[in-house]
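The values are calculated or read from the model by the stated rules, or taken from the named source; none is laboratory data. None of the values given here were measured: they were computed from a predicted structure. Methodologically, a virtual Cβ is constructed for each residue, glycine included, from the backbone with ideal geometry; neighbour enumeration extends over all protein chains shown.
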Amino acid sequence: MTRESDSHDTASGVPAGPSSTPKYKRVLLKISGEALMGDQGYGLHPPTVARIAQEIRSVHDMGVEICMVIGGGNIFRGLQGSAQGMERTTADYMGMLATVMNALAMQSALEEIGIFTRVISAIPMDQVCEPYIRRRAVRHLEKGRVCIFAAGTGNPYFTTDTAATLRASEMACEAIFKGTKVDGVYDADPEKTPDARRYEKISYDEVLARRLGVMDASAIALARDNNLPIVVFSLDEPGGFRGILQGEGTYTIVGN
């Protein structure tokens, strides 16, 4: 890995041709913790983490500034713990710690392939990551570093979806990319309903009214209030993240 400097060139590696100009210059990628499991039923699957890191690198090489929020459901999910009788606040804090573990795993995978990365936690734990300071995080992005925001909002009763929308708003991101197992938002579960219809574009209000489950209601409302588009795409499609930024691919935009 080369030595990091403040003059890190964020545009290095941009491919030639008219498609090299990305649709957005600063984005937040939100993925679930389950996305890191691969075919396992629990925990982290290193080849899957490495594959996602390569997808992020391909976008970073376009000169796009990237934030990330990763859920913790592959390790511990607060709502499930609460449903099993655990006190809700304690369960939520345990879930936040799980997101830190996932963020550190992704940081390791990204730095292994030469992408300087900072894990920034809403819960201070200075030995393993930085505390959240908005202006410092913005500076990291300007230097071409990937910022992974961990520990949710730092408060119980809020999901990582809400944390993603909050951080995207604070970082002045131009869009949230929600990586899922399907290539957009459908009017029914496409795995159970073969003739389910995929939306090219759908409004925040319709997502809320139809309870389509793109993100939780508070996250959708916050995105709507800040006019922040949500791009829902398949994280399993190779090159899908980069393709959308080049104006290609299959996805759904949630917006006004």
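The set of residues in the stretch 195-204 being charged (D, E, K, R) and under 22 Å from the mean Cα position of the chain (by Cα) consists of R198, E200, K201. Consider A188 carefully, then state whether it is farther than 30 Å from V138 by Cβ and at pLDDT below 95. So A188 fits the description; yes. Collect the residues in the stretch 136-179 that are under 23 Å from E111 (Cβ atoms) and among the basic types (K, R), keeping them in residue-number order. Residues satisfying the conditions are R136, R139, K143, R145, R167. Enumerate the helices (runs of 4 or more DSSP H) found wholly within the stretch 69-185, keeping only those where 2 or more residues are in contact (Cβ under 8 Å) with a residue 40 or more places away in the chain. The helices (runs of 4 or more DSSP H) meeting that bar are 88-112, 134-142, 160-170. For D225, the conditions (1) of a type outside the set (K, R); (2) at pLDDT 95 or above; (3) within 26 Å of V138 (Cα to Cα); (4) touching a helix residue (DSSP H, G or I) at 6+ places or on another chain (Cβ under 8 Å) all hold with the exception of (4).
Is it the case, given these coordinates, that Y199 is surrounded by fewer than 21 Cβ atoms within 10 Å (Cβ to Cβ) and at pLDDT 95 or above? Here the answer is yes, as Y199 does meet what is asked. When you scan the stretch 181-194, do you find a residue that is buried (at least 22 other Cβ atoms within 10 Å of the Cβ), closer than 29 Å to L97 by Cβ and under 17 Å from the mean Cα position of the chain (by Cα), even just one? So far as the stretch 181-194 goes, no, none of its residues is buried (at least 22 other Cβ atoms within 10 Å of the Cβ), closer than 29 Å to L97 by Cβ and under 17 Å from the mean Cα position of the chain (by Cα).
In summary, N74 fulfils each of the numbered conditions (1) closer than 22 Å to G239 by Cβ; (2) crowded, with 18+ Cβ neighbours inside 10 Å; (3) touching a Leu at 6+ places or on another chain (Cβ under 7 Å); (4) not hydrophobic (A, V, I, L, M, F, W, C) with the single exception of condition (1).
When we screen I253, I244 for residues that are in contact with a Lys or Arg (Cβ under 6 Å, 6 or more places away or on another chain) and within 24 Å of D61 (Cα to Cα), the only hit is I253.
Return the residues of the stretch 25-61 that are free of Cβ contacts under 8 Å to residues at least 40 places away in the same chain, more than 24 Å from T162 (Cβ to Cβ) and part of a loop (DSSP other than H, G, I, E, B); say none if nothing qualifies. Passing the criteria: G38, D39, Q40, G41, Y42, G43, H45.
Checking each residue in the stretch 36-80 for being at pLDDT 95 or above and acidic (D, E) picks out E55, D61, E65.
If you go through the stretch 198-238 and pick out every residue that is of a type outside the set (D, E), farther than 19 Å from A163 by Cα and free of Cβ contacts under 8 Å to residues at least 24 places away in the same chain, you end up with 3.
Screening V119 against (1) within 18 Å of D161 (Cβ to Cβ); (2) in contact with a Cys (Cβ under 6 Å, 6 or more places away or on another chain); (3) among the aliphatic types (A, V, I, L, M) leaves a single unmet condition, (1).
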